[in-house]
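Here's the structure we're looking at; comments come further down.
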Amino acid sequence: MQAVGLEELTGGAPAGVEEALGLVDGFDAALASGFGRLGAEQSAALAALAGALAGAPLGGPAAEAVEKIAAGAVAETHLLTLAGARTALCGSVHDALLARVDATVGRTRAECAAAEGDDVAANLLAGCRSWLAELAIAGWRGVDHDLVSAADQFVEGLLREPRLRGAAVLLDGLAAELRASSPVATMETIPERRWADLWARGMLLTRSGAAATAAEEVSGRLLLLGADVHEHGTSVQVQVHGVLEADGGARLVRTAVAAPKVDTITGPPMWRLLDAHPTLLKALAERRCLNVTGMALRPGGDLIWDDGKARAGKEVDPFAMARVQLAEAVAPGVPPLDRHPVRIAEPVFLEGYTVNGTSLELDGRAIDIDFDRLPACGPVTPELVRASSSCIGLVRWDGGAWRVQPLAVRATVKKKPVEACTGDWALGPTDPKVLKATNRTGDAVGVLRERAGRLLRK
């Protein structure tokens, strides 16, 4: 990223972004109160959102849905329309922000081809939509344990259907958050934006024919940029960003592997939960490229990881590769339902900067560093980031401002050059102090697996 690019990126949000997000906030406040008892302020907020889409295909249906809901005639089709209207507005914000990133780094982006979906488990999907409609009518403040538990049987059914796993996990997560917060009326602060995001996405994922299965088979050399670790109390996911060199040229891709966990497993032992993917872990730990053959790639750039279709290749310097390849690789288009500001995570290469407190400064311009996203399972620490002068990172839009999340850094520590990537400990920690501390705490993963096996044998 050149200095002029950083100036463009930190020059404020594109025109219209704040106004669009203000309309989304109005919708979210109305959803919190419940569409079954709209007041004048909530009705005006919904009308304003529909009005913003007056020139779009959704404008007419959205205006009609708002009119019907304000009159007390709340139907599932009206709620589905409003979920689409809100998603479209968030999508316009996403597009404006992503266009700013692409212009900043000079990135070419492919068009995302429309994917046809399968009509599968229609009854289960209808049941989930009905539950989401009940949530919208009651509003978040009207949610109690009985309303949350009504989703259980439908979510369990969705979890058994691989093609609907995305919708199932989303709805299961929403139900879990609502259950933990019930009765929601007693909460001091409601996460209106987050729950509205989940509600709207859930409505659209459970509509008929939403289970998209389109993918192409690709073969080539996968060069790894870095690993983004998403860790929660009951699960962990490692999303790996890279450049795929194939016959069609170089393009940005990402792939992810995940595993269930318990909240007591944190830090470096977390990698052992992912040992079903030894080839990927070896490539991360040893900074090797991967030769993939016949692996499925979705239109949005997601490579469906299959360890059996990959083999580790030569060692590759991620910094040298990023300096050359990131400027040339074509970025994937973004599927319609993924067009949301929180989903922006664009790989960039930065060098020649200094770190001042929580900001990265380059030629008089600054961008915030997202220290909260640094994983405890890798060697990239806040101290190392502050000492760095080069990094591979992900640019994100968070809380109305741009942030950079380091995935790999080059620093000078005690007058010696140091390099660290988040995936360096994928085969175990290499820092003697960390290794000693890990050995002292014992093999928690092995113990839990042994106990689980014993229980299954009984």
Inset, instruction - Can you confirm whether region 180-194 contains a residue that is crowded, with 16+ Cβ neighbours inside 10 Å, of a type in the set (S, T, N, Q) and closer than 23 Å to residue 89 by Cβ? - result: no
Inset, instruction - Name the residue, out of 386, 311, 323, 403, that is at negative phi and in contact with an Asp or Glu (Cβ under 6 Å, 6 or more places away or on another chain). - result: 403
Legend entry - Tally of residues being exposed (fewer than 14 other Cβ atoms within 10 Å of the Cβ) and out of contact with any helix residue (DSSP H, G or I) (no Cβ under 7 Å at 6 or more places or on another chain) across region 293-311: 2
Legend entry - Count - residues of region 130-155 that are under 23 Å from the mean Cα position of the chain (by Cα) and at pLDDT below 95: 1
Inset, instruction - Assess whether residue 404 counts as being within 27 Å of the chain's Cα centre (by Cα), at pLDDT 95 or above and outside any strand (DSSP E or B). - result: no
Inset, instruction - Within region 407-434, work out how many residues are in a loop (DSSP other than H, G, I, E, B) and polar (S, T, N, Q). - result: 2
Legend entry - Verdict on residue 360 being surrounded by 20 or more Cβ atoms within 10 Å (Cβ to Cβ), out of contact with any Gly (no Cβ under 7 Å at 6 or more places or on another chain) and part of a strand (DSSP E or B): yes
Legend entry - Qualifying residue in region 145-161 (condition: touching a residue at least 60 places away in the same chain (Cβ under 8 Å) and either assigned by TED's automatic domain parsing to the domain that holds residue 202 or in contact with a helix residue (DSSP H, G or I) (Cβ under 8 Å, 6 or more places away or on another chain) (or both)): no
Inset, instruction - Only residues that are exposed (fewer than 15 other Cβ atoms within 10 Å of the Cβ) and more than 23 Å from residue 304 (Cα to Cα): list them for region 151-171, please. - result: 152, 153, 156
Inset, instruction - Quick one: residue 229 ticks every box in (1) surrounded by fewer than 16 Cβ atoms within 10 Å (Cβ to Cβ); (2) part of a strand (DSSP E or B); (3) within 22 Å of the chain's Cα centre (by Cα); (4) at pLDDT 95 or above except a single one, so which number is it? - result: (1)
Inset, instruction - May I ask you to list pairs of residues, at least six apart or on different chains, whose Cβ atoms are under 6 Å apart, with the first in region 387-399 being surrounded by fewer than 21 Cβ atoms within 10 Å (Cβ to Cβ) and the second being of a type in the set (A, V, I, L, M, F, W, C)? - result: 387/411; 387/413
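Can you work out which of the residues in region 169-211 that are modelled with pLDDT of 90 or more and in a loop (DSSP other than H, G, I, E, B) is nearest to residue 124 (Cα to Cα)?
206
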Inset, instruction - Go through (1) more than 18 Å from residue 226 (Cβ to Cβ); (2) assigned to a helix (DSSP H, G or I); (3) not β-branched (Val, Ile, Thr) one by one and return the number of the condition residue 291 breaks. - result: (2)
Legend entry - residue 125, sole failed condition from (1) part of a helix (DSSP H, G or I); (2) surrounded by fewer than 21 Cβ atoms within 10 Å (Cβ to Cβ): (2)
Legend entry - Qualifying residue in region 275-288 (condition: over 16 Å from the mean Cα position of the chain (by Cα), under 27 Å from residue 232 (Cβ atoms), free of Cβ contacts under 8 Å to residues at least 12 places away in the same chain and assigned to a loop (DSSP other than H, G, I, E, B)): yes
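Taking into account only those residues within region 77-92 that are out of contact with any Phe, Trp or Tyr (no Cβ under 9 Å at 6 or more places or on another chain) and crowded, with 16+ Cβ neighbours inside 10 Å, which is nearest to residue 398 (Cα to Cα)?
Going through the qualifying residues, I end up with 90.
The values are calculated or read from the model by the stated rules, or taken from the named source; none is laboratory data. In this text the structure is predicted, and so the values were computed from the model without any measurement. Here the Cβ is made from the backbone with ideal geometry for all residues, glycine too, and neighbour counts use every protein chain on show.
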